Amino acid sequence: MGRLTKKQKKKIHYLLRSKTELEQKQKLLHQDGVPKFIEKHLPYIRKLARNLDQLLIVGSFVSPPLKLGLIDRFLVLAEIENIDPLICFNKVDLLSDARQGEEVREIYSRIGYRALLTSAKTGVGIGELAKALKGKRTALAGHSGVGKSSLLNAIDPNLQIMVNDVSHVTRKGRHTTTRVKVYHFDDQTEVIDLPGIKLIDFIDIHYQDARLYFREFEQYAPHCRFNDCLHITEHDCAVKEALKKGEIHPERYRSYLAFVDSLKL
């Protein structure tokens, strides 16, 4: 085998460094897989619900308005805990142009995330969502008012989960879930409704590690000039170059910058 090129050596170095960082993080885990820092902060997903197959993240296009930054933080949490995420963009019936929904869904599907468009009101996407939940233990998360309970009722009307309207004054949902609730659809299908936004209030990672949890950075980061590049102000940053070329979506990059800033506080 011939000699490795400079680019190949750099990529191997980056991968080895990332592997070392992840191994260091794994040392923080108990044998049961629950991070030690959970005992000091609010519970994380695996503290609230064990043996999960996936995390269903729900957002709404309208009423309340879509917050991609919030979706992205739930995705970071899923990446940290190694839980397979499924994104559900609800209330697609309230969009004036259906193409807007497809454009948002494409932001995530193009980087390998499963993403669905649904309407609990009209039934759009409900069959597809039910199929994705079938035979699995799923944690459910999302901002209040996005229609989580309505989606579950649409899949199985016998659940008769209480649904609260969105405030016409604030356009924010009133919280219907204040504690963990478990819904059984059949012997092999279970949904655990988690208490809203508090899940992401205490993501306990260093701001320099945030780059590790935005999966679209992975293919470009080994080509950055600096191995510890944060992809913000550094020169010769392959991630920022990919952003300029349209290979990384600007909304995701804005979420990354906001997330890094929040971790510095």
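What follows is calculated from the coordinates using simple rules that are stated; it is not laboratory data. In this text the structure is predicted, and so the values were computed from the model without any measurement. Cβ coordinates were reconstructed from backbone atoms using ideal geometry, including for glycine residues, and neighbour counts include every protein chain displayed.
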Expected output is a single nm value to one decimal: the length gained when fully extending between Val180 and Asp156, i.e. 0.36 nm times separation in residues minus the C-alpha distance. What is it?
6.7 nm
Grab the other residues whose beta carbon is less than 13 angstrom from that of Glu251, score K and R as +1, D and E as -1, and report the net.
+1
Compute, for segment 60-118, the length of the dipole vector about the Cα centre, with Cβ point charges of +1 (Lys, Arg) and -1 (Asp, Glu) only. Units Debye, rounded to 20.
100
Could you list which residues have their amide H under 5 Å from that of Leu140, counting only those 5 or more apart in sequence or on another chain, with H placed in the peptide plane?
Leu56, Ile192, Asp193, Leu194
Rounded to whole Hz, the Karplus (6.51, -1.76, 1.60) HN-Hα couplings of segment 237-254, x for glycine and proline
9, 5, 5, 5, 5, 5, 4, 4, 7, x, 7, 10, 6, x, 5, 5, 5, 5
Would you grab the residues whose amide H sits under 5 Å from the one on Ile87? Only those 5+ places off in sequence or on another chain, please, with H modelled 1.01 Å from N.
Ile57, Arg114, Ala115, Leu116
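Cα gyration tensor of segment 77-153, axes a ≥ b ≥ c as square roots of the eigenvalues: rounded (a/c below 1.5), prolate (a/b > b/c) or oblate?
The shape class here is oblate.
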Residues other than Asp187 with Cβ under 15 Å of its Cβ, Lys/Arg counted +1 and Asp/Glu -1, net out at -1
Pairs Lys67/Lys148; Lys148/Lys264; Lys67/Lys245; Lys134/Lys181; Lys91/Lys134: which exceed 20 Å Cα-Cα?
Lys148/Lys264; Lys67/Lys245; Lys91/Lys134
DSSP loop (so not H, G, I, E, B), at most 13 other Cβ within 10 Å: list which chymotrypsin sites (Phe, Trp or Tyr not before Pro) in segment 212-265 pass both filters.
Phe226
